[in-house]
Amino acid sequence: MRTLTLPQPRSFTFLHGLLLCGLGLWAGTTRANDPASEKPLEKLEILNKKKLISAGTADVSTTSAASPKEVGKQVREALGSSVAPNKKLTLVVSDKEPAGHGTAPSHSAAPTPPQSSRAYIQARAAALTGHAAVTAQAGASNGHGDEVHWTYEGENGPQTWGRLKPEFNLCAIGKRQSPINIEEGNTLLGPAEPIQFNYTPSNATVVNNGHTIQVDVQGDNAITVRGSSYRLVQFHFHSPSEEQVEYKRFAMVAHLVHKNDEGQLAVVAVLLEQGTANPLIDKVWTYMPLDANDRVRMPRDMLNMNELLPADQRYYQFMGSLTTPPCSEGVLWMVLKQPVQLSKSQFRLFTQLYPSNARPVQPLNGRPVREAQ
Ligand SMILES: [Zn+2]
C-alpha cells in the first residue's frame with residue numbers, strides 16, 4: 001500500500017491547477033460507441049476522497065495534503081511501467097471503488113482474474129485509468145464547458161443518461177430505444193430478405209475509447225438490405241450482450257455499425273458465446289490499446305470481417321436506437337440469431353478492461369420484431 005496525499009478539491013480552481021501543472025494527467029478525448037456521437041466525451045475528472053487508484057498490488061490512497069505534481073508522480077510510480085511517461089492518463093478519484101474493482105460483474109460468466117499476473121495488473125491499470133466511473137460534478141456544474149461523463153454504473157449510469165445533457169434526452173423519453181429483449185413468441189415470423197455482406201480485407205484502427213474497444217474500419221465493406229447499401233464504419237463490443245433473447249444474455253456482443261449515403265444507421269449484432277477462439281478477435285485483441293483514449297493501427301489489410309460472421313445469417317430485425325448517449329433513434333437493427341464463439345481467454349481479456357458495459361433492455365412499446373424463418 002502506497003500512501004499519498006491530495007488536497008480536498010472542491011472547486012474547479014484546483015482542477016484547473018491540476019490541469020495546468022504539467023502533471024501528465026491529461027484530459028483525453030474519446031468517442032461514444034456509435035458514430036453518430038463521435039465527439040469528445042472524456043475529460044479529466046478529479047473527484048476526491050478515499051480511493052485514488054489501485055492497480056493490482058499497487059494501491060494508492062489519499063490521506064492529507066501534497067502537491068498535484070507529487071500525485072501524478074506517485075500514481076505513475078504505483079502503476080510502474082504500465083504507463084509510459086507521457087501517456088494520456090485519466091485519473092479517477094472517487095468515493096466509490098473504481099468500476100469493476102471489488103464488485104462482481106453483473107454477469108456470472110466473468111472469471112476471477114489472476115491477481116498476480118503482470119498482464120492483469122497492466123490491464124487493470126488501464127481499466128482504472130480509463131474507466132469513466134465518475135460523477136458529473138466537475139463537468140456539468142462548473143460552467144467551463146467540461147463534458148459530462150456517462151457511465152454504466154453509479155450516479156451517471158444508464159438510468160440518468162437522459163438527464164445528463166439536453167442532447168441525451170431521448171435516452172429517457174425515447175419510445176424506440178435499444179437494446180431490447182427478443183421474445184420469440186412475439187415476433188413476426190415469416191420470410192425475410194437475406195443480408196448481403198460484402199466484406200473485404202481492410203485496414204483498421206483499434207481504439208480504446210473509455211467505454212469499449214472499438215475498431216474503426218477503412219476500406220470496402222458494406223451490407224445491402226432493404227434496397228440500400230450501408231458502409232461499415234466501425235464495430236465494437238459489449239459484455240455481457242446488450243440484446244437478450246428470451247431474457248438470456250450472451251457473454252458478449254459485437255455491434256457492426258453501418259451507415260448509408262443518407263446517413264441512416266444499420267447495426268448488425270453478432271452474439272458471442274464462450275467456446276473456441278475467434279480469429280478476428282484474436283487479431284483485434286493483439287492490437288488492443290490498454291489505455292483509454294489510445295488507438296493502434298492494425299497491419300495493412302489484416303481485418304477480415306467475414307471471420308466474425310456465423311454460417312447461418314438469419315436474423316431478428318427491428319427499429320431501435322444507439323445504445324449509448326445520445327440514444328438517437330431511427331437505427332435499423334439486425335441481430336444475427338446464431339452466436340459465434342470466442343475463447344475463455346479472449347473473453348477474459350476484454351472483461352478485465354470492461355467488466356460490464358451493457359445498457360439494460362428497454363421497453364418494446366409495441367414495436368414489431370421480424371424473425372426470419
Ligand atoms: Zn454497441
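Throughout, read-outs are computed from the coordinates displayed, never taken from laboratory work. These numbers come from a predicted model, not from an experiment. Neighbour counts run over all protein chains shown; Cβ positions are idealised from the backbone, glycine included.
Observations
- The range 175-372, relative contact order in percent, only Cα pairs under 8 angstrom and at least six apart counted: 31
- Extension reserve of the residue 306-residue 262 stretch, reckoned as 0.36 nm per residue once the Cα distance is removed: 13.3 nm
- Proximity of backbone amide H atoms, modeled 1.01 Å from N, is registered between residue 330 and 320 at under 5 Å, excluding neighbours fewer than 5 places apart on the same chain.
- With a simple spin-label model that places each label point 7 Å from the Cα along the Cα-to-Cβ direction, the separation between residue 229 and residue 341 comes to 3.6 nm.
- Using a Förster distance of 25 Å, the FRET efficiency for residue 276-residue 314 (Cβ separation, nearest 0.05): 0.70
- Highest average first, the peptides 357-366, 214-223 ordered by how many other beta carbon atoms sit within 10 Å of their residues are 214-223, 357-366.
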